[in-house]
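Okay, structure first, notes after.
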Amino acid sequence: MTKILLTGGAGFLGSHLCDRLVADGQDVLCVDNFFTGSKANIAHLYGNPLFEVLRHDVTFPLYVEVEQIYNLACPASPVHYQFDPVQTTKTSVHGAINMLGLAKRVKARILQASTSEVYGDPEVHPQPEGYWGRVNPIGIRSCYDEGKRCAETLFFDYHRQHGLDIRIARIFNTYGPRMQPNDGRVVSNFIVQALQGADITIYGDGRQSRSFCYVDDLIEALVRLMALGQPFTGPVNIGNPTEFTMLELAETVLRLTASRSRIVYRNLPQDDPRQRRPDISLARGQLQWEPRVSLEDGLKETIAYFSRTLRLS
Ligand SMILES: NC(=O)c1ccc[n+]([C@@H]2O[C@H](COP(=O)([O-])OP(=O)(O)OC[C@H]3O[C@@H](n4cnc5c(N)ncnc54)[C@H](O)[C@@H]3O)[C@@H](O)[C@H]2O)c1
């Protein structure tokens, strides 16, 4: 049994990772300030002797004894990370410093949940890990993008300077049950609009593309990355390379929900990338991993989840 600290453990991805680690028989300490996470995401784990929760903000130091750290704390959707952009940068940067300091003290292996946003609005398509990105340092998304880039820098400097065992996952768009209905991410937006019979809003002309990874596939990759015996720092792209346009996604959601919603078009927000697709050759080679869940199957699970939660609210 490994003692594992999971920051951001009450969030969308974090709560699925808590489930997985507890199911694997690990001893999990979930740390969260509940900014975007919720107790409802982890309530089913209360009372399990393998699971503990601590309300804590990672911008402050934390002293606990653990063997592995998954650092996921950070609001991930634009609505939430732009709500208090200074706190977003602090969460990424001070949070990384605090967690790296802890990892150094207790000699823990530490994994950072980084993001495809480090590539910004890319000129290279699909994006391999060697691509340095094209990020606006002063835009409204910069608190998130540059915060995550700086966190990667800190991870590598702790690795080079102090010999820390680091793992960096660059996560691409992930979706699934426990996403928040109002967080502005495209999959949850479309599903909620379709279920409520509201207009489906497409920003831009609908031809911009994204790739969507189902949460179970993503969690499998994070666990494999952490478990990898040989030294492997990453960064490694984790995502689903199958690309869909926003219009294709909207039409699939309409079909699966049998909704009569109309599709309407709005202006594209500032710095919104036109295309985003991971090159996952490195993950395939190093982790023997690739996504298994099709968009259609993942959407069905997610739609079922939103149907239940919207009925309850
Ligand atoms: N979901 C995705 O598609 C995606 C893509 C790329 C990267 N990521 C990264 O994965 C991680 C998890 O994302 P998510 O989608 O689960 O988002 P989320 O907002 O659901 O989860 C983030 C969690 O971190 C917590 N948190 C925020 N600030 C904190 C702080 N200062 N101290 C302690 N806890 C804090 C929140 O309360 C929440 O529980 C994030 O670091 C995000 O940047 C997610």
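The values are calculated or read from the model by the stated rules, or taken from the named source; none is laboratory data. Quantities reported herein were computed from a predicted structural model and do not represent experimental measurements. Using ideal geometry, Cβ is built from the backbone for each residue, glycine included, and neighbour counts are taken over all protein chains shown.
Being part of a loop (DSSP other than H, G, I, E, B) and more than 8 Å from the ligand (Cβ to nearest atom) is true for just one of L5, L62, L102. Which residue is that? Talk me through it step by step, then tell me what you get.
Numbers: L5 fails: part of a loop (DSSP other than H, G, I, E, B); L102 fails: part of a loop (DSSP other than H, G, I, E, B).
Just one listed residue meets the conditions, L62.
Would you mind finding the one in Q193, Q161, Q230 that is part of a helix (DSSP H, G or I) and free of Cβ contacts under 8 Å to residues at least 24 places away in the same chain?
On the way: Q193 fails: free of Cβ contacts under 8 Å to residues at least 24 places away in the same chain; Q230 fails: part of a helix (DSSP H, G or I).
Exactly one residue qualifies, and that residue is Q161.
Collect the residues in the range 12-46 that are hydroxyl-bearing (S, T, Y) and buried (at least 19 other Cβ atoms within 10 Å of the Cβ), keeping them in residue-number order. So that I can check it myself, show each step before the final result.
Taking the range 12-46 and keeping what is hydroxyl-bearing (S, T, Y), we get 15, 36, 38, 46.
Residues satisfying the conditions are S15, T36.
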In the set S114, S92, the lone residue that is within 13 Å of the ligand (Cβ to nearest atom), surrounded by 24 or more Cβ atoms within 10 Å (Cβ to Cβ) and outside any helix (DSSP H, G or I) is S114
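Kindly check whether there is at least one residue in the range 210-221 that is more than 22 Å from the chain's Cα centre (by Cα) and in a loop (DSSP other than H, G, I, E, B).
Narrowing the range 210-221 to residues more than 22 Å from the chain's Cα centre (by Cα): none.
No, there is no match, as no residue in the range 210-221 is more than 22 Å from the chain's Cα centre (by Cα) and in a loop (DSSP other than H, G, I, E, B).
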Problem - Test for V53: is it over 22 Å from A151 (Cβ atoms) and either outside any helix (DSSP H, G or I) or modelled with pLDDT of 95 or more (or both) - result: yes
- Confirm whether E123 is surrounded by fewer than 19 Cβ atoms within 10 Å (Cβ to Cβ), within 22 Å of D165 (Cα to Cα) and of a type in the set (D, E). no
Pairing a residue in the range 178-190 that is closer than 14 Å to I200 by Cα with any residue that is among the polar types (S, T, N, Q) and within 10 Å of the ligand (Cβ to nearest atom), where Cβ atoms lie under 6 Å and the two sit 6 or more apart in sequence or on different chains, gives G184/S77; R185/S77
The number of residues in the range 234-262 that are part of a loop (DSSP other than H, G, I, E, B) and either among the aliphatic types (A, V, I, L, M) or in contact with a Gly (Cβ under 7 Å, 6 or more places away or on another chain) (or both) is 4
When restricted to E243, E248, the only residue within 30 Å of S142 (Cβ to Cβ) and without any contact (Cβ under 8 Å) to a residue 12 or more places away in the chain is E248
Exception for Y265 within (1) among the aromatic types (F, W, Y); (2) outside any helix (DSSP H, G or I); (3) closer than 22 Å to A113 by Cβ falls at (3)
Of (1) within 15 Å of the ligand (Cβ to nearest atom); (2) aromatic (F, W, Y); (3) more than 30 Å from N98 (Cα to Cα), Y175 fails just (3)
Here the qualifying pairs (Cβ atoms under 9 Å; residues six or more apart or on different chains; first in the range 36-61 and free of Cβ contacts under 8 Å to residues at least 24 places away in the same chain; second among the basic types (K, R) and crowded, with 17+ Cβ neighbours inside 10 Å) come out as A40/R178
Matching residues in the range 65-87 (within 10 Å of the ligand (Cβ to nearest atom), buried (at least 16 other Cβ atoms within 10 Å of the Cβ) and not aliphatic (A, V, I, L, M)) number 8
When the range 166-190 is checked residue by residue, the ones that are part of a loop (DSSP other than H, G, I, E, B) and of a type outside the set (K, R) are F172, N173, G176, P177, M179, Q180, P181, N182, D183, G184
